[in-house]
Each structure stands twice: as C-alpha cells, then as structure tokens.
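Asks: Sharing a structure below in structure tokens format, with a few things to ask.
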Amino acid sequence: MSKQKSNQIVQFLNDNKAGIFYTGATLVAIYFVYKSVKSVWGDEDSDSGFSDTANNANIYNATISQSEANNLAYSLFTAMRDSGTDEDLIAQAFNRIQNKDDFLLVYKAFGEKYYDNVFGYYLDPTWNNKLFADKYDLVYWLDNELGWGDREVRNKIASVINQAGFVFKP
Ligand SMILES: [Ca+2]
C-alpha cells in the first residue's frame with residue numbers, strides 16, 4: 001500500500017471516527033438483541049440446562065461402556081464444535097446409541113460446554129467468551145446444530161433422545 005494511500009485511509013478514519021464507532025456499537029447491539037430474541041422465542045423448551053435425568057442412567061441396560069460413551073460424546077462434540085455441522089458423524093455416533101441409557105451415558109459424558117448459539121461453535125471458556133456464550137447440554141447443542149434442513153438426522157436421533165426424557169422434535 002502506498003504511503004499516500006495509507007494516509008488517505010488514516011484521514012478517512014479520522015474524519016469518520018464517530019460513524020465507525022456507532023456502526024460498531026450498532027452491530028454489537030444487534031448481535032445481543034438477536035441472541036436474546038433467539039433465546040426467548042427460539043426454544044419452546046426453555047429449560048436447556050443440564051438435566052439430572054442423566055444421573056438415572058441405568059448402566060446395566062446400556063449397550064455401551066463408559067469409555068465408549070466418552071468417545072461418542074467426543075465425536076458428537078467434534079461434529080458440532082466448529083461453524084457448520086458434520087451430520088454424518090452425528091448419524092454415525094447415533095448408530096451406536098441403541099437405547100435411552102446409552103444416550104444418558106453419552107449425555108452425561110458430554111456435560112455442558114460453552115457455545116455460541118448464534119454462529120454455532122464452541123468457545124473456550126475464557127472470561128470474555130463467558131460474556132458472549134453460555135454453557136449448554138448435548139440436547140441443546142444437537143437441537144441448535146441440526147436445522148430443518150437436517151430432517152433426516154433429526155428423525156434418526158429424536159426417538160432415543162425423547163425416550164431418555166428430553167424434548168427433541170423430529
Ligand atoms: Ca457447529
């Protein structure tokens with residue numbers, strides 16, 4: 001970039017400081033309004049917190065071991081943690097989740113993780129990320145990641161999640 005060009009940019013920024021500031025502030029405000037609207041209307045099931053139901057998992061009825069449950073929870077996390085979703089990986093994990101106790105073990109292993117529910121990705125729990133994101137459980141993550149375009153996967157996974165005592169629309 002030429003010196004003259006960069007001087008022009010500096011000049012432009014100086015001349016438009018207030019405008020740039022207000023544009024930035026407006027974008028931040030829109031982001032927060034969108035987030036709060038989404039959290040009020042986006043989920044009819046407003047109780048998206050960690051469910052104690054997981055503690056009722058009967059490991060004797062589970063067809064997977066605890067370490068398999070940990071691996072499946074990690075696969076699901078991997079499928080959802082970045083922007084976008086790996087639907088195939090989710091479907092694959094649910095091939096192993098045969099009954100409600102399997103799901104409850106995986107649910108418990110997943111726990112709650114910081115999640116930007118607008119852009120759909122995991123945030124490391126640094127102090128500033130805690131301002132922008134909340135912790136959500138596996139059912140919330142799945143519901144938010146799988147949109148109406150992912151009907152096939154939703155159909156596949158809904159019944160075992162509902163059997164486990166959660167509300168998840170196919
Ligand atoms: Ca994602």
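Asks: Is it fair to say Ala93 is in contact (Cβ under 8 Å) with a residue 60 or more places away in the chain and either within 16 Å of the ligand (Cβ to nearest atom) or within 17 Å of the chain's Cα centre (by Cα) (or both)?
Replies: So Ala93 fails the test.
Asks: Consider Thr63 carefully, then state whether it is part of a loop (DSSP other than H, G, I, E, B), surrounded by fewer than 17 Cβ atoms within 10 Å (Cβ to Cβ) and among the hydroxyl-bearing types (Ser, Thr, Tyr).
Replies: Details: part of a loop (DSSP other than H, G, I, E, B): yes; surrounded by fewer than 17 Cβ atoms within 10 Å (Cβ to Cβ): yes; among the hydroxyl-bearing types (Ser, Thr, Tyr): yes.
Yes, satisfied.
Asks: Identify the single condition in (1) in contact (Cβ under 8 Å) with a residue 60 or more places away in the chain; (2) more than 12 Å from the ligand (Cβ to nearest atom); (3) more than 13 Å from the chain's Cα centre (by Cα); (4) in a helix (DSSP H, G or I) that Val139 does not satisfy, given that it satisfies every other one.
Replies: (3)
Asks: State yes or no: is Asp102 in a helix (DSSP H, G or I), modelled with pLDDT of 95 or more and away from the ligand (no atom under 16 Å from the Cβ)?
Replies: yes
Asks: Still on this structure: I'm told Tyr114 meets every condition in (1) surrounded by fewer than 21 Cβ atoms within 10 Å (Cβ to Cβ); (2) over 16 Å from the mean Cα position of the chain (by Cα); (3) not charged (D, E, K, R) except one. Can you identify the failing condition by its number?
Replies: In the conditions (1) surrounded by fewer than 21 Cβ atoms within 10 Å (Cβ to Cβ); (2) over 16 Å from the mean Cα position of the chain (by Cα); (3) not charged (D, E, K, R), Tyr114 misses (2) alone.
Asks: Go through segment 103-127 and give me each residue that's in contact (Cβ under 8 Å) with a residue 12 or more places away in the chain and farther than 21 Å from Asp150 by Cβ.
Replies: Residues satisfying the conditions are Leu104, Leu105, Lys108, Ala109, Gly111, Glu112, Tyr114.
Asks: Would you mind finding the one in Ile64, Ile20 that is farther than 25 Å from Tyr114 by Cβ and modelled with pLDDT of 95 or more?
Replies: None of the other options fit; the residue is Ile64.
Asks: Oh, and also: Within the set of pairs 6+ apart or on separate chains, which have a first residue in segment 64-80 that is within 16 Å of the ligand (Cβ to nearest atom), a second that is hydroxyl-bearing (Ser, Thr, Tyr), and C-beta atoms under 7 Å apart?
Replies: Here the result reads Ala79/Thr85, each pair linking segment 64-80 to a residue that is hydroxyl-bearing (Ser, Thr, Tyr).
Asks: Another question, if that's okay. Does Val160 satisfy the condition of being within 13 Å of the chain's Cα centre (by Cα), in contact (Cβ under 8 Å) with a residue 60 or more places away in the chain and either part of a loop (DSSP other than H, G, I, E, B) or within 17 Å of Leu72 (Cβ to Cβ) (or both)?
Replies: No; evaluated as a whole, the condition is false for this residue.
The values are calculated or read from the model by the stated rules, or taken from the named source; none is laboratory data. The structure presented is a predicted model; accordingly, all values stated were derived computationally and were not measured. Glycine gets a Cβ as well: all are built from the backbone with ideal geometry, and neighbour counts include every protein chain shown.
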